[in-house]
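Here's the structure we're looking at; comments come further down.
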Amino acid sequence: MTNFKIITIAFLAASTLTTYSSVFSQGSVAANTDAQARKAWRETIGHVALPKKGACYHASYPSSEWREVNCIIAPNRPFAQWLPNENKIKSMAAAANGQIQTVGNSVDYVAKVQGLIGTAAGQFAPSNVTTETGAAGANDYSLQLNSNFMNTAVCSGHPNCLAWQQYVYSSGEQALFIQYWLLNYGTCPSGWNTYSSDCWKNSSAVAVPTFPITELSSLALWAGAATDTDTILLTTGSFPGGGDASYSFTAPDSVLDLATGWNEAEYNIFGDGGGSAATFNSGASIGVSIQMREQGSSQTSPTCLSNAGTTGETNNLSLVGACAAGILTNTNPYISFTESN
């Protein structure tokens, strides 16, 4: 397995939050003490329940309390599903023949579990990542943790409908939010946006700073789905001018009934919506890790699905080597893989 920072996922009855454990380089004794204190803080804040549902929160080191902040409006921009086109069909055909392919617009490794996913967390192990450019310029990208396409109760009466949920951090829009989709739904319900034959809308959002691409290893995105509540959380590590901080909020699971059909997870870095691309410097390489907890006590090794990505955004990296899957010693099912250019 690639040498990833380990993400430990823990269930809490009140908030179903998580813990992230990270290893930072240590120099002097003082630096080591500070790193350990910050690591302990990240573990502590991950166990602290959000005070109430439907609100936006921010926590920063060394305080172990969530501070309620004003929610913001999420970007009025679809982070749409992948769409078949000539170039993508050629890319998928090339992959079937063992040739390299760039990531996104369906080309991606996805983790599939035997049961249903309760929590999923994604993190990166970048190497030689110095620059990234999106549609709006430098450091314009999105982190996306995406579900599979599902037929849930919200599609009742619409025979071709599929529900799809995206947990998104948009660096350019400085926002953390959930985007909901009803694919092939027809006439959209009140409050939903129309996108061809699909419908989409956003949750509220938490304001989050733009993090430079050189700090990619410090970011971890977590997503949870329970019977009544979906949760999104972004944690940041220690880096100059950044400190340690976490951002989170909850939303009703009833929007899409995600908890009843979520069995696949895609996590990666892509363009910042609208089918755009994240373009990295030559020689960049990124290890990708997705860890999960299935609903219930039984945990099984997931399957790596190839060409199973759901988002339409892309990056300019290619999948290299095989996708690894298994269960970590802390009983977290995982997959990991590498992409580079």
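With of a type in the set (Gly, Ala, Ser) and modelled with pLDDT of 95 or more as the only criterion, which of ALA245, ALA220, ALA278 stands out?
Criteria check complete, one pass: ALA278.
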Point to revise | Residues satisfying the stated conditions in the stretch 188-209, i.e. in a loop (DSSP other than H, G, I, E, B), hydroxyl-bearing (Ser, Thr, Tyr) and at pLDDT 95 or above | key: SER190
**Study point:** Subset tally (residues that are on the phi > 0 side of the Ramachandran plot and either surrounded by 23 or more Cβ atoms within 10 Å (Cβ to Cβ) or aromatic (Phe, Trp, Tyr) (or both)) for the stretch 115-129
**Key:** 0
Exercise for review: State whether the residues of the stretch 327-336 include one that is hydrophobic (A, V, I, L, M, F, W, C), surrounded by fewer than 17 Cβ atoms within 10 Å (Cβ to Cβ) and over 18 Å from VAL113 (Cβ atoms).
Suggested key: no
Point to revise | Check on ALA245, crowded, with 22+ Cβ neighbours inside 10 Å, of a type in the set (A, V, I, L, M) and more than 29 Å from CYS188 (Cα to Cα) | key: no
Exercise for review: Please specify each residue of the stretch 92-116 satisfying the condition of being modelled with pLDDT of 80 or more and of a type in the set (S, T, N, Q).
Suggested key: ASN105, SER106, GLN114
Practice item. Have a look at GLN299, GLN295 and point out the one that is polar (S, T, N, Q) and more than 19 Å from the chain's Cα centre (by Cα). Key: GLN299
Review point. Out of the stretch 248-285, which residues are among the hydrophobic types (A, V, I, L, M, F, W, C), surrounded by fewer than 24 Cβ atoms within 10 Å (Cβ to Cβ) and under 27 Å from ARG77 (Cα atoms)?
Key: ALA251, VAL255, ALA259, ALA277
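Taking the stretch 136-152 on its own, how many of its residues are out of contact with any Ser or Thr (no Cβ under 9 Å at 6 or more places or on another chain) and either modelled with pLDDT under 95 or not in a strand (DSSP E or B) (or both)?
Counting residues in the stretch 136-152 that are out of contact with any Ser or Thr (no Cβ under 9 Å at 6 or more places or on another chain) and either modelled with pLDDT under 95 or not in a strand (DSSP E or B) (or both) gives 1.
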Review point. Are any residues in the stretch 153-184 crowded, with 21+ Cβ neighbours inside 10 Å, in a loop (DSSP other than H, G, I, E, B) and polar (S, T, N, Q), and if so, which ones?
Key: SER171
Review point. Restricting the first residue to the stretch 303-328 and requiring it to be assigned to a loop (DSSP other than H, G, I, E, B), which pairs with a second residue that is of a type in the set (Lys, Arg) meet a Cβ separation below 8 Å and a spacing of at least six or different chains?
Key: ALA308/LYS112
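The values are calculated or read from the model by the stated rules, or taken from the named source; none is laboratory data. Everything numeric in this text was worked out from a predicted model, so none of it was measured. Please note: Cβ atoms are built from the backbone with ideal geometry, for glycine as well, and neighbour counts cover all protein chains shown.
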